[in-house]
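Visitor: Sending over a structure as structure tokens; questions will come in a sec.
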Amino acid sequence: MIKKIIRKLLPKSNKNLLNALDFGIQHKLLPKYALKSVQALQDAGFEAYIVGGAVRDLLAGLTPKDFDIATNATPDEVRKVFRRGRIVGRRFPIVILPFGAELLEITTFRSNVTAPQNEQGRIMRDTAFGTRKEDARRRDFTCNALYYDPVAEKIADDIHGIADIQARRLVMIGEPDERFHEDPVRMLRAARLSAKLGFSLSAEIENSIRKNSFLLKNEPPARLFDEITKELLCGNSSGCLKNIKSLNIPADIHPIFAIMITHDDDSTRQFVQTVLQRTDERVKHKKPVSIAFVLAALFWHKLQQIEQDLHTLDDKPTQTLHAAIRQIREDGGERWGVPNRLFTVMREIWQLQPQFAYIRGKRPFRLLKQPSFRAAYDFYILRSLNQDADPKIAEFWTKFQAANEEQRMMMTQPIVQRSTNKKRRRRKPKKDNQGTESES
Ligand code: ATP
Ligand code: MG
């Protein structure tokens, strides 16, 4: 209580606040949990703002995908306000607060005292806390350094981010060379944000990225994978790829980049384009996107190539497929960074592909029950649209899913049984590759 009174009496750095309503922003645009969390921190006597991408996206007329809070409460103090909060991160400790499927990230203002760096100038730890204005200077781009107080309906724009959003340009806070050395992932963020927002990159930023992109080779694969995931799901993954190529970001920083950037043939290039375009369409229409699906699709041609290389006449096709999947993982080596739970789904999507050919007997019913059926089916459809799978079989599966149980039984009757109505056959038909064998 005393703390609360003292904080209220202290001079605030709130003099230059703008009216949020003048920029079309109001608290009703926030989910309740975000608004209430800001309020709870303020009620406990702290400063608290919605910050970063959410404010930027609202000002740029986009729907924010997550909401971050910045506060002058330390992580421990935040935890006292929200008992459910969890402190995570060694390099930048923050508090994570779950609300159903959503995660609220609460960060404490960083100070601009020089954080410990390695020989390349990369920041290794950043735990010195500071004021809001100091915190703003530590962020990457001016459009990401806006602080929105939804209780007072005010925006703090200490670094003139609003003007840059209105001019649709991505402006680095500080010297690009220095800021990219501090954290090389900012180069990927620049490529992504300019594509996602349709903002221009200055020649200075572009040149700096061309000069420094080799630094990305030393970034932890898991962090690169996180950023790649954001690129794939940002709604303009095709634009991100274009930027990455034109900025000469090296393909060997991550196996997924290698897949997207280097193509040996036109059909792979075309397939990657189709995958990215379809993903962008789904994101734009707010349809769910499975990252495992996108990755399975991106690696598909490589998988087939490996299968061809490995195939010998003695091997069963499933053995070759399993061996090729193992090799994809091994080729990824130490720079892989794809979480195992995702790779498991990718593997299932691939392993189920040959099963779609079997449309008679009990096998279709079994396939339908597989946990990854839907993703595998979507993938089969994608392949059929690219002349890589049989469109008639794709059509069968679309109808089979929509059919009721009786219709399904009819659809999957072995051909021999159907024809008995017209003409009785003596000989058992040969097994064919459409699974006409009866199943036990
Ligand atoms: P989005 O959530 O749409 O992907 P974002 O800008 O919100 O974009 P987050 O990773 O959620 O990205 O980061 C939240 C904010 O934290 C950013 O807006 C920026 O202010 C700051 N930030 C994130 N990463 C960095 C970084 N590498 N260097 C400096 N500031 C960063
Ligand atoms: Mg964000």
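The values are calculated or read from the model by the stated rules, or taken from the named source; none is laboratory data. Predicted model only: the values in this text are computed from it and were never measured. Using ideal geometry, Cβ is built from the backbone for each residue, glycine included, and neighbour counts are taken over all protein chains shown. Surface areas here come from the heavy atoms of the whole protein model, side chains and all, with no ligands, DNA or RNA. Shrake-Rupley method; radii C 1.70, N 1.55, O 1.52, S 1.80 Å.
Visitor: Is it fair to say F46 is among the aromatic types (F, W, Y), farther than 27 Å from R192 by Cα and more than 16 Å from ligand 2 (Cβ to nearest atom)?
Guide: Taking the combined requirement at face value, the residue satisfies it.
Visitor: A follow-up question, please. Can you name every residue in region 201-231 that is in a helix (DSSP H, G or I) and of a type in the set (D, E, K, R)?
Guide: E204, E206, R210, K211, K217, R223, D226, E227, K230, E231
Visitor: Sort out which residues of region 138-180 are open to solvent by less than 40 Å² (accessible area, probe 1.4 Å), assigned to a strand (DSSP E or B) and either among the hydroxyl-bearing types (S, T, Y) or under 21 Å from S208 (Cβ atoms) (or both), and write them in order of number.
Guide: Across region 138-180, the qualifying residues are F141, Y147, Y148, L170, M172.
Visitor: Quick one: T398 ticks every box in (1) modelled with pLDDT of 90 or more; (2) among the polar types (S, T, N, Q); (3) in contact with a Lys or Arg (Cβ under 9 Å, 6 or more places away or on another chain) bar one, so which box is it?
Guide: (3)
Visitor: Exactly one condition in (1) within 16 Å of ligand 2 (Cβ to nearest atom); (2) assigned to a helix (DSSP H, G or I) is not met by I259; state its number.
Guide: Only one criterion in (1) within 16 Å of ligand 2 (Cβ to nearest atom); (2) assigned to a helix (DSSP H, G or I) is unmet by I259, namely (1).
Visitor: Still on this model: Could you tell me whether any residue of region 252-264 is out of contact with any Phe, Trp or Tyr (no Cβ under 9 Å at 6 or more places or on another chain), open to solvent by 10 Å² or more (accessible area, probe 1.4 Å), polar (S, T, N, Q) and in contact (Cβ under 8 Å) with a residue 24 or more places away in the chain?
Guide: The answer is no, given that none of the residues of region 252-264 is out of contact with any Phe, Trp or Tyr (no Cβ under 9 Å at 6 or more places or on another chain), open to solvent by 10 Å² or more (accessible area, probe 1.4 Å), polar (S, T, N, Q) and in contact (Cβ under 8 Å) with a residue 24 or more places away in the chain.
Visitor: Same structure again: Restricting to region 61-87, and then to whatever is among the small types (G, A, S) and surrounded by 18 or more Cβ atoms within 10 Å (Cβ to Cβ), can you tell me which residue is farthest from N19 (Cα to Cα)?
Guide: Filtering first and then ranking leaves G85.
Visitor: How many residues, within region 344-365, are among the basic types (K, R) and free of Cβ contacts under 8 Å to residues at least 24 places away in the same chain?
Guide: Qualifying residue count for the region: 1.
Visitor: Applying the selection to region 48-63, what residues are within 12 Å of ligand 1 (Cβ to nearest atom), assigned to a strand (DSSP E or B) and not hydroxyl-bearing (S, T, Y)?
Guide: I50, V51
Visitor: Considering only residues of region 64-87 that are touching a helix residue (DSSP H, G or I) at 6+ places or on another chain (Cβ under 8 Å) and touching a residue at least 40 places away in the same chain (Cβ under 8 Å), which is nearest to ligand 1 (Cβ to nearest atom)?
Guide: Applying the filter and picking the extreme gives A70.
Visitor: Any chance you could count how many residues in region 88-120 are outside any loop (DSSP other than H, G, I, E, B) and either touching a residue at least 60 places away in the same chain (Cβ under 8 Å) or open to solvent by 40 Å² or more (accessible area, probe 1.4 Å) (or both)?
Guide: Matching residues across region 88-120 total 10.
Visitor: Turning to a different aspect of this structure: Restricting attention to region 355-384, which residues are closer than 22 Å to F271 by Cα and not small (G, A, S)?
Guide: Q355, F356, F373, R374, Y377, D378, F379, Y380, I381, L382, R383
Visitor: Answer yes or no: is there a residue in region 137-148 that is within 12 Å of ligand 1 (Cβ to nearest atom), farther than 26 Å from F199 by Cβ and modelled with pLDDT under 95.
Guide: no
Visitor: Could you say whether any residue in region 191-200 is part of a strand (DSSP E or B) and surrounded by fewer than 19 Cβ atoms within 10 Å (Cβ to Cβ)?
Guide: Within region 191-200, one or more residues are part of a strand (DSSP E or B) and surrounded by fewer than 19 Cβ atoms within 10 Å (Cβ to Cβ).
For (1) over 24 Å from the mean Cα position of the chain (by Cα); (2) among the hydroxyl-bearing types (S, T, Y); (3) away from ligand 2 (no atom under 16 Å from the Cβ), each residue gets a yes or a no:
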site: A128; (1), (2), (3): yes, no, yes
site: D140; (1), (2), (3): no, no, no
site: I159; (1), (2), (3): yes, no, yes
site: P184; (1), (2), (3): no, no, yes
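Visitor: Please give the number of the condition P64 fails out of (1) modelled with pLDDT under 95; (2) farther than 26 Å from A167 by Cβ; (3) within 16 Å of ligand 2 (Cβ to nearest atom).
Guide: That leaves (2) as the condition not met.
Visitor: Residues G130, G161: which one is small (G, A, S), touching a Ser or Thr at 6+ places or on another chain (Cβ under 7 Å) and more than 12 Å from ligand 1 (Cβ to nearest atom)?
Guide: The match here is G130.
Visitor: Next up: Answer with yes or no whether V55 is more than 16 Å from ligand 2 (Cβ to nearest atom) and surrounded by 20 or more Cβ atoms within 10 Å (Cβ to Cβ).
Guide: no
Visitor: Here is a follow-up. Just one of L41, L10, L21, L35 is away from ligand 2 (no atom under 16 Å from the Cβ), modelled with pLDDT of 95 or more and open to solvent by 70 Å² or more (accessible area, probe 1.4 Å); which is it?
Guide: Answer to the check: L21.
Visitor: Let me ask another. Taking region 281-292 as the search range and keeping residues that are of a type outside the set (S, T, Y) and under 21 Å from V345 (Cα atoms), which one is least open to solvent (accessible area, probe 1.4 Å)?
Guide: A292
Visitor: Of all residues in region 354-384, which are among the polar types (S, T, N, Q) and either more than 24 Å from the chain's Cα centre (by Cα) or over 28 Å from I228 (Cβ atoms) (or both)?
Guide: Within region 354-384, Q355, Q370, S384 qualify.
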